[in-house]
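Chemist: My questions will all concern the structure given below.
Quick note: the coordinates plus some simple rules give every number you see, no bench work behind them. Everything quoted here is computed from the prediction, not taken from an experiment. All Cβ positions, even for glycine, are placed from backbone atoms using ideal geometry, and neighbour counts span all protein chains on display.
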Amino acid sequence: MKRNDLLKHLKANNCELLREGNNHSIYRNKSNDKQSAIGRHLELDNLLCRKICKQLDIPLI
């Protein structure tokens, strides 16, 4: 999955960028304050995207 598609899905589900790191971006779900790291690769594995959604407690893609 494209990283931009995942970021659009996160923003649509009440998640915001918390901070930028060297290799990862940290996103936070505003409703439950859970966090997850998202790598800087242009293409992310589908299983990784599902794991990120589970960590943030949002619907799976």
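Chemist: Tell me the Rg and the Dmax, in Å, that the Cα atoms of the chain produce.
Modeler: 10.3, 28
Chemist: Sticking with this structure for a sec: Only helical DSSP H runs with n ≥ 4 go in: add -39500 (n - 2.57) per run for the chain, normalise by residue count and round the 222 nm mean residue ellipticity to 500 deg cm²/dmol.
Modeler: Roughly -10500 deg cm²/dmol at 222 nm, from the helical runs in the chain.
Chemist: Give me the net charge of His41's neighbourhood, meaning all other residues with Cβ under 11 Å from the Cβ of His41; Lys, Arg count +1, Asp, Glu -1.
Modeler: Summing Lys/Arg as +1 and Asp/Glu as -1 gives +1.
Chemist: Next up: Nothing charged except the Cβ atoms of Lys and Arg (+1) and of Asp and Glu (-1): what's the magnitude of the dipole of the chain about its Cα centre? Round to the nearest 20 debye.
Modeler: Dipole size: approximately 40 debye.
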